[in-house]
Amino acid sequence: MNVKIAEDWRAVLADEFEKPYFARLVDFVKSEYASRRIYPRGANIFRAFDKCPFESLKAVIIGQDPYHGPGQANGLCFSVGDGVPFPPSLQNIFREVHEDTGAPVPQSGNLDRWAEQGVLLLNSVLTVREHEAASHAGQGWEIFTDAVVKAISERKQGIVYMLWGSYAQRKGAIADPATNLILKAVHPSPLSVYRGFFGCRHFSQANDYLQRTGRTPIVW
């Protein structure tokens, strides 16, 4: 199947695109875009992969599904486009980055700059109906993104997995803690952020690990 995704990722994931579940998923997604308002826009469904080449991968952050408000989702988990107000979880992420590393809170919530440094910002489900959280759950995206995490774990070592919340921690459970850095905390949403996300220091820990293993740290 001809999927519009970065060529290096296509090579890694080629087998998935030929499986029956993926064909059913494509049919479902096409039908949804034709009949409803779906986010992100079609060209951005695989944008997390397009912005983070497989060969430069250093870290994986796992989200659940895209933002479902108008103009928010841009294909990278937790990220929004330039000029879009920061959703609460992103506000909390930037606060922790600032308190952990001293980096100023940025003017834009567009996390392309992280992806381009090797951070895969992977939602478990890559599409959603407007104003209907988790509306595309259970249609096959989770199988695909499980395969993504499995492919990374089989082909890469020395990856930082930043797993926020029980959902992300289950998703990333396949990663080997003996050959990667596994960082776990509660989700940065306002409902849980004070139960261990603030003060988790994941961003400095990630950079310390990257430096110890001879790689350039992330400018968070």
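The values are calculated or read from the model by the stated rules, or taken from the named source; none is laboratory data. For clarity, every value in this text was computed on a predicted model and none was experimentally measured. Here the Cβ is made from the backbone with ideal geometry for all residues, glycine too, and neighbour counts use every protein chain on show. Ligands, DNA and RNA are excluded from the accessible area calculation, which covers all protein heavy atoms including side chains. Shrake-Rupley method; radii C 1.70, N 1.55, O 1.52, S 1.80 Å.
With respect to the conditions (1) part of a helix (DSSP H, G or I); (2) among the hydrophobic types (A, V, I, L, M, F, W, C); (3) over 22 Å from Ala14 (Cα atoms); (4) open to solvent by less than 40 Å² (accessible area, probe 1.4 Å), Ala48 lacks only one, and its number is (3). Just so you know, in segment 178-200 the residues that are touching a residue at least 60 places away in the same chain (Cβ under 8 Å), farther than 19 Å from Val160 by Cα and of a type outside the set (A, V, I, L, M) include one that is surrounded by the fewest Cβ atoms within 10 Å (Cβ to Cβ), and it is Pro190.
Of all residues in segment 99-134, those satisfying the criterion of being under 26 Å from Ala23 (Cβ atoms) and over 18 Å from the mean Cα position of the chain (by Cα) are Arg129, Glu130, Glu132.
All conditions but one from (1) of a type outside the set (Ser, Thr, Tyr); (2) in contact with a helix residue (DSSP H, G or I) (Cβ under 8 Å, 6 or more places away or on another chain); (3) under 18 Å from Val80 (Cβ atoms) apply to Leu111; the one that does not is (2). Considering segment 8-45 alone, what residues qualify as being over 18 Å from Ser124 (Cβ atoms) and not in a helix (DSSP H, G or I)? Scanning segment 8-45 gives Glu18, Arg36, Arg37, Arg41. Only one of Glu7, Glu55, Glu96, Glu16 is open to solvent by 10 Å² or more (accessible area, probe 1.4 Å), among the charged types (D, E, K, R) and in contact with a Phe, Trp or Tyr (Cβ under 8 Å, 6 or more places away or on another chain). Can you tell me which? It is Glu16.
Keeping to segment 147-177, report how many residues are in a helix (DSSP H, G or I) and either within 30 Å of Tyr194 (Cβ to Cβ) or open to solvent by less than 50 Å² (accessible area, probe 1.4 Å) (or both). Number of matching residues: 12.
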